[in-house]
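Down below is the structure, laid out as structure tokens.
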Amino acid sequence: MTRTDPSTRGRANKRRHPLRWVAALLVLLVAGWFWLQWQLWGIQVTVTQVPVYGLPVGFEGLRIVQISDLHGHEYGAGSQDLLELVARQEPDLIAVTGDLIDRESQLEMVPALARGLAAIAPTYYVTGNHEWAVGSVPRLKGVLAECGVTVLSNQYTVLERNEASLVLAGVDDPNGYADQKTPEELYAEIRAEGQASCVLLLAHRNDRFDQYAAAGYDLVISGHGHGGIVRLPFTDGLLGTNREFFPTWTAGVYTLEDSTLFVSRGLGNNTVPIPGFRLFNRPDLAVLELTAREAGA
């Protein structure tokens, strides 16, 4: 019978322990990497009841899917994964609120996405600051229009539903032409032409809500804030796109007097303070369901 010296066995166990720690660390690192990828690219569908002052009865329950801050990313070949997810939401209309691309080369991904969205529901687009930085806005607008997307460049259209009407307006980003029509001038034009009393605005910049509310818009649909990049309890996020700490108006519903703002956290990851990063703040496919709001509520 062979006997093992206890002291020798103890030394062997000690030699094996470091390997166990290394294996455990590798498992944690791999799990952490997959979790981070899920944070960066795992789309979260958020369905929100959005109160709108003066909403016509015929538009009660109007379902809007918002695509914002995609920054040139494709979810699946030809954006097919994203398109299938949008279609499952059964939208009445689709709002694309800017920062669709970051580089001119990303124009190649636009036609498949634009045609796919327009085939699902009427689709409307306004520019963000990144498209103007690229310098290909006229070309981008042309591609979108050819693919069936309505481009709103400081313009409006009248929507009809259930024998009721409302105005859908859209403004170019402030990074656009210096002499462009202002949001205030656009609202005054809508009123002067006697259009529907309820006016919705597509505008990329969430941080201009006070300006849009003062102009008179009933609902503003925006992006740009990226959810504050790192979502923390009891805050609107840690970092703003202007490099400020603890920004506001970055995700969800806000009100100023009789105006409502809805902000999407966005679908892409090109953020100014920390490029390519988001935490507790997964990509957001926002679904808005409009509901009437009483004055002052």
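The values are calculated or read from the model by the stated rules, or taken from the named source; none is laboratory data. Just so you know, these numbers come straight off a predicted model, no measurement behind them. Ideal geometry is used to build each Cβ from the backbone, glycine not excepted, and the neighbour counts take in all protein chains shown. Ligands, DNA and RNA are excluded from the accessible area calculation, which covers all protein heavy atoms including side chains. Shrake-Rupley method; radii C 1.70, N 1.55, O 1.52, S 1.80 Å.
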**OP:** Determine which member of the set 95, 114 is in a strand (DSSP E or B) and buried (at least 18 other Cβ atoms within 10 Å of the Cβ).
**Re:** 95
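Condition check ((1) part of a loop (DSSP other than H, G, I, E, B); (2) touching a strand residue (DSSP E or B) at 6+ places or on another chain (Cβ under 8 Å); (3) within 28 Å of residue 83 (Cα to Cα)) across all residues:
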{"position": "266", "(1), (2), (3)": "yes, yes, yes"}
{"position": "270", "(1), (2), (3)": "yes, no, yes"}
{"position": "281", "(1), (2), (3)": "yes, yes, yes"}
{"position": "289", "(1), (2), (3)": "no, yes, yes"}
Subject >> segment 225-254, residues that are open to solvent by less than 10 Å² (accessible area, probe 1.4 Å) and assigned to a loop (DSSP other than H, G, I, E, B) >> reply: 225, 229, 237, 240, 250
Original post:
Given the structure, is residue 207 closer than 28 Å to residue 252 by Cβ, out of contact with any Leu (no Cβ under 8 Å at 6 or more places or on another chain), open to solvent by less than 50 Å² (accessible area, probe 1.4 Å) and acidic (Asp, Glu)?
Top reply: no
**OP:** Return yes when residue 45 is in a strand (DSSP E or B), in contact (Cβ under 8 Å) with a residue 60 or more places away in the chain and open to solvent by less than 40 Å² (accessible area, probe 1.4 Å) and no when it is not.
**Re:** no
Original post:
With respect to residue 78, is the statement that it is touching a helix residue (DSSP H, G or I) at 6+ places or on another chain (Cβ under 7 Å) and either within 26 Å of residue 169 (Cβ to Cβ) or assigned to a loop (DSSP other than H, G, I, E, B) (or both) true?
Top reply: no
Subject >> Residue within segment 103-119 that is in contact (Cβ under 8 Å) with a residue 24 or more places away in the chain, closer than 20 Å to residue 221 by Cα, acidic (Asp, Glu) and in contact with a helix residue (DSSP H, G or I) (Cβ under 8 Å, 6 or more places away or on another chain) present >> reply: no
Original post:
Can we say residue 240 is over 22 Å from residue 55 (Cα atoms) and without any contact (Cβ under 8 Å) to a residue 40 or more places away in the chain?
Top reply: yes
